[in-house]
Structure formats: structure tokens, C-alpha cells
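Chemist: Before I ask anything, let me first share the structure, which is written out below as C-alpha cells.
Any read-out appearing in this document is the output of simple, stated calculations on the displayed coordinates, not a laboratory observation. Source: prediction; values computed, not measured. Neighbour counts run over all protein chains shown; Cβ positions are idealised from the backbone, glycine included.
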Amino acid sequence: MSTATFHLAQLNIGTVRFPLDSPEMAGFVNGLDEINTLADAADGFVWRLQSESGNATDIQAFDDPHLLVNMSVWESIHALRAYVYKSAHVDFLRQRKEWFQPIETPMQVLWWIPAGHIPAVAEAKERLEQLTRHGVTANAFTFRSPFDPDVREADGAIDGDAP
């Protein structure tokens, strides 16, 4: 199977240090439009979670109202890696400690989805939970321990995830 058959989904979470409307979060909030526009135009970008605001800061996926989510779909792990670490996004990423508290559990998870599938937030939360409970597997992995889409584990597949 090739990556043309599958796309890469990603979820990352962060607990903000301050309210979004505080002066301490201004750099983050004011940079969202630029960073999202950069993602939208990046090679290999497919989709990102957003509300009518154009970003996902007002989507409450977890019980903790201070926990923000970012979810997107990419054509390949290489495309996502290039956006995250080789574009202006990396400067934004370097400032995360100013805006977000440390998290003891995994804060990002990657997984393969059939091309054309848009993952639900519940699906992403399940993948993050899989990573937290079981560590890296073909169904929930990280940049540091990636898997090819053809190595996905059938017994760990989530509804809508079978080829």
C-alpha cells in the first residue's frame, strides 16, 4: 500500500498557562491566523480542525477548558514534518513554553487514515489514549517512532479506519 491510499492524521494538545485573552497569550493568539494560513498553503496539507473562528481554540474536546486541541490531516509524514520543523511554524513552536504548561502524558499522536477520511475529535482522543496506555504502536505513534501506513495493526483499528 502506498501513502497515496492513506493520509496522516495528527492531534496535539496543550494546556494554556493563561487565559487566551490575557496579554501573556497575545503572541500565541495573534500568530494563529498566520500559522494556520501557512499550514493551509503547505505542500501536502489536506485538512485542519477549525470552528467558525478559523482556528480550534474555541473547540472544547476535553473536560479541562484550558486544554487546547490542534488536529490536521496531511498527505504524508514528510509533509507534516516539513511544515512543523522546516517552515516559519518552527519559530512559533519554540515559544510554546511561554504559552503552554508541561504535560506529563503524550501531547501529540499520529496515525494513518484512509485518504478522504476526516477524523472526528473522538477518534483522535482514542488514539491519544492508545498512545498513553500502550506506548507507540502502528495505530498511535510519534515523529520519533513513525510507522509506514502498510504496517497498521488490524486488531487496533478504530471504526472507519479499515482499508
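Chemist: About its Cα centre, how strong a charge dipole does the chain have in debye, to the nearest 20, once Lys and Arg get +1 and Asp and Glu get -1 at the Cβ?
Modeler: Values: 12 positive and 23 negative charges, 105 e Å.
Around 500 debye, computed over the chain.
Chemist: Counting only C-alpha contacts under 8 Å and six or more residues apart, can you give the relative contact order of the range 1-119 as a whole percent?
Modeler: Across the range 1-119, relative contact order equals 47 percent.
Chemist: In the set (i) 15.4, 48; (ii) 19.4, 61; (iii) 14.4, 43, which value of Rg and Dmax of the Cα atoms in Å was calculated from the structure you see?
Modeler: Structure-derived value, by its label: (i).
Chemist: Now for a different question. Using R₀ = 30 Å, calculate the FRET efficiency as 1/(1 + (r/R₀)^6) where r is the Cβ-Cβ separation of THR132 and TRP47; round to 0.05. Can you show the working numbers first?
Modeler: On the way: r = 24 Å, r/R0 = 0.81.
So, using R0 = 30 Å, E works out to roughly 0.80.
Chemist: Hey, in the GNM for the chain with a 10 angstrom Cα cutoff, which one of PRO149, PRO106, PRO19 fluctuates hardest?
Modeler: PRO19
Chemist: Shape of the range 23-70 from its Cα gyration tensor (a ≥ b ≥ c, root eigenvalues): rounded if a/c is under 1.5, otherwise prolate when a/b > b/c, or oblate?
Modeler: Working: a/c = 2.47, a/b = 1.33, b/c = 1.85.
Since a/c reaches 1.5 but b/c is at least a/b, the shape of the range 23-70 is classed as oblate.
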